[in-house]
Amino acid sequence: MAEEKAEIKWEGKSIAELRGPTADQVWSLLEDFCNINKWFPSIDVCNQVGGELGKPGLTRYCASKTLSTYGSYDEGEVRWVKERLLMINPAEKCLSYEVLENNSGFKSYMATMKVLEINGSDAGENGCKIEWSFIADPVEGWTFEDFNSFINFCLQSMGKNMEQDVLSG
């Protein structure tokens, strides 16, 4: 009898709450798929390499220098990823994308990002939240807990950067 080995997939979701900006304001920043480097804490460059802006099939190349164990940048090592937009729905304020190629240990990775309105009740405070969910094969060199924590850190940083941009504009 042949033994079947179940494929283990990592699944996770992180949420960042932004106070002040509306979902429409934040969506206008997030839907700009090839400018994620403006918000994502560790991406130095993001360029369109294929497809049409705002349409499924749009492909981006993102890269960043890596930090050495001593906290300085290692000029010789650049981490990169090529990602393709699978779905974008402005009415629902959500998009999905997948990793195509990379040198960061991803075998299979797909994510969905959604922006949802929050209506505060106490002080009449409004805002929105960003949900980032993913499904991936285990990533070489990471535990699920560390990877999920990294995704959450990145989302919280993105949320703060977007919040500051909207509120200062």
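Is it true that Gly76 is at pLDDT below 95, small (Gly, Ala, Ser) and open to solvent by 70 Å² or more (accessible area, probe 1.4 Å)? In short, yes. Among the residues of the range 133-155, which ones are assigned to a helix (DSSP H, G or I) and among the β-branched types (Val, Ile, Thr)? Residue satisfying the conditions is Ile151 alone.
A count restricted to the range 37-73 and to residues that are at pLDDT below 90 and over 21 Å from Glu101 (Cβ atoms) stands at 8. Out of Leu95, Leu86, report the one residue that is at pLDDT 95 or above, over 24 Å from Glu163 (Cα atoms), open to solvent by less than 70 Å² (accessible area, probe 1.4 Å) and under 16 Å from the mean Cα position of the chain (by Cα). One residue alone meets the criteria, Leu86. Listed by first and then second residue, the pairs with beta-carbon distance under 6 Å, at least 6 apart or on different chains, first residue in the range 25-43 and at negative phi, second among the polar types (S, T, N, Q) and in a helix (DSSP H, G or I), are Trp39/Asn161; Pro41/Ser157; Ile43/Asn37.
Scanning the range 111-145 for residues that are at pLDDT 95 or above and of a type in the set (D, E, K, R) returns Lys114, Lys129, Glu131, Asp137, Glu145. Residues that are in contact with a Lys or Arg (Cβ under 9 Å, 6 or more places away or on another chain), polar (S, T, N, Q) and open to solvent by less than 60 Å² (accessible area, probe 1.4 Å): does the range 124-134 have at least one? Looking for residues that are in contact with a Lys or Arg (Cβ under 9 Å, 6 or more places away or on another chain), polar (S, T, N, Q) and open to solvent by less than 60 Å² (accessible area, probe 1.4 Å), one finds at least one in the range 124-134, hence yes.
The values are calculated or read from the model by the stated rules, or taken from the named source; none is laboratory data. Just so it is clear, the structure is predicted and the values come from calculations on it, not from any experiment. Every residue, glycine as well, gets a Cβ built from its backbone with ideal geometry; the counts of neighbours run over all protein chains shown. Surface accessibility is based on the protein's heavy atoms, side chains included, excluding ligands, DNA and RNA. Shrake-Rupley method; radii C 1.70, N 1.55, O 1.52, S 1.80 Å.
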